[in-house]
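Every read-out reported here was derived from the displayed coordinates using simple, explicitly stated rules and does not represent laboratory data. The shown structure was predicted, so the numbers you read here are calculated from the model rather than taken from an experiment. Heads up, the Cβs are rebuilt from the backbone with ideal geometry, glycines too, and the neighbour counts pull from every protein chain shown.
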Amino acid sequence: MENTPESTSLETSDIGTDERRGSGVDSPVSQNLLSLRGISKNFGPVQALQDCALEVPAGQVTALIGDNGAGKSTFIKCISGIYAPSAGQMFWRGKEVHVHSPRDAADLGIATVYQDLALCDNLDIVENMYLGREETHAGLLDEIKMEVATKQTLADLSVTTVQSVRQLVGSLSGGQRQAVAVARAVMRESHLVILDEPTAALGVSQTKLVLELIRTLASKGIAVLVISHNLTDVFSVADRIAVMYLGTIVSHGPIANYDTTSAVELITTGDSRSVPTSRLSSAL
Ligand SMILES: Nc1ncnc2c1ncn2[C@@H]1O[C@H](COP(=O)(O)OP(=O)(O)OP(=O)(O)O)[C@@H](O)[C@H]1O
Ligand SMILES: [Mg+2]
């Protein structure tokens with residue numbers, strides 16, 4: 001079932017130490033920015049996610065890796081309010097939250113950049129940044145304010161390759177388009193930025209631009225959760241890894257616990273025995 005914008009808005013409730021409830025995981029809920037416990041999702045008879053647990057700390061890059069169909073996109077759609085999980089709990093700074101819609105996720109400060117980016121090629125960068133939330137002054141579009149803020153946001157993210165914010169998005173390179181999509185996502189105060197395959201279609205220099213952007217976000221204290229199939233990118237940018245296999249997070253922990261060989265082994269077999277410290281309970 002998909003969430004709809006009409007569904008009940010975000011609810012929060014305090015949980016004390018004694019009330020902590022793990023779903024299939026015996027570890028306590030941490031004070032990390034985002035903690036997920038026992039997240040499951042069925043599409044009719046298809047069990048896309050089963051009892052997934054994950055910690056996402058602020059100021060760090062967490063890479064979500066796994067083979068095609070492992071459940072990565074479904075998992076981030078549960079976090080960003082597009083899908084309602086069939087079971088499980090989500091904790092934001094240690095408090096349980098119920099995200100029923102993308103609006104609820106945005107209200108928490110979760111910004112998601114999907115792979116298609118949803119940019120309008122026939123509009124310029126400023127128009128894309130403010131699409132649907134234009135600034136007005138005395139009933140007119142406040143072009144100067146929007147242009148200044150766009151330049152500032154790009155500068156804050158160290159995006160220096162764009163020549164003019166009045167350039168049509170259709171004329172940008174793939175990396176620049178990704179940068180505009182990220183800038184639009186973070187323009188509202190964001191605490192968690194989720195990126196689905198941000199470098200999949202990019203060449204070497206554009207990939208470098210996006211990886212630098214990801215590190216810039218983390219250096220500002222933002223938690224980044226990035227899906228990637230490219231292990232070279234993952235090992236160059238991530239602080240933590242979570243590996244999905246057939247709808248379950250089979251291993252999860254600091255990047256230092258992994259190397260390319262163990263990551264490939266986990267992706268292809270789901271067998272975490274070669275990574276002794278990677279289980280969630282020991283990674284907290
Ligand atoms: N809307 C849906 N209805 C039915 N099944 C779905 C739906 N969305 C995803 N699935 C199934 O759930 C499983 C996980 O899909 P998902 O798209 O999350 O995988 P993924 O890890 O993102 O794969 P990829 O790397 O190819 O993008 C797959 O078996 C897929 O067929
Ligand atoms: Mg996917």
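Observations
- Förster-model FRET efficiency, 25 Å R0, Thr268 and Ser86, C-beta, rounded to 0.05: 0.40
- DSSP-defined antiparallel bridges as percent of all bridges, region 194-267, nearest 5: 65 percent
- Trypsin sites (Lys or Arg not before Pro) restricted to region 97-162 and DSSP loop, no more than 11 other C-beta within 10 Å: Arg133
- Per DSSP, loop GluC sites (Glu not before Pro) in region 138-229 with at most 11 further Cβ within 10 Å: Glu189
- Relative to the longest principal axis of the Cα atoms of the chain, the long axis of helix 174-187 lies at roughly 80 degrees.
- Judged by the ratio a/c of the largest to the smallest principal axis of the C-alpha gyration tensor, region 123-268 counts as prolate, that ratio being 1.5 or greater while a/b is larger than b/c.
- Candidates per trypsin sites (Lys or Arg not before Pro) in region 188-275, loop by DSSP, up to 16 other Cβ within 10 Å: Arg188, Lys220
- Value at 222 nm in deg cm²/dmol, rounded to 500, when DSSP H runs of n ≥ 4 in the chain each add -39,500 (n - 2.57): -8500 deg cm²/dmol
- Between 0 and 90 degrees, the angle of helix 260-269 with respect to the longest Cα principal axis of the chain falls at about 70 degrees.
- Taking Ala58, Ala118, Ala181 as the candidate residues, the one with maximal mean-square fluctuation in a Gaussian network model of the chain, Cα springs under 10 Å, is Ala118.
- In this structure, the residue pairs whose Cα-Cα separation is over 31 Å, taken from Lys72/Lys208; Lys77/Lys145; Lys72/Lys220; Lys95/Lys151, are Lys77/Lys145; Lys95/Lys151.
- Taking a Cβ cut-off of under 10 Å around Ala111, the surrounding Lys, Arg, Asp and Glu residues balance to a net charge of +1, with basic ones at +1 and acidic ones at -1.
- Dipole magnitude of the chain about its Cα centre (Cβ charges: Lys, Arg +1; Asp, Glu -1), debye to nearest 20: 400 debye
- Relative contact order (%) - region 121-188, alpha-carbon pairs under 8 angstrom, separation at least six: 47 percent
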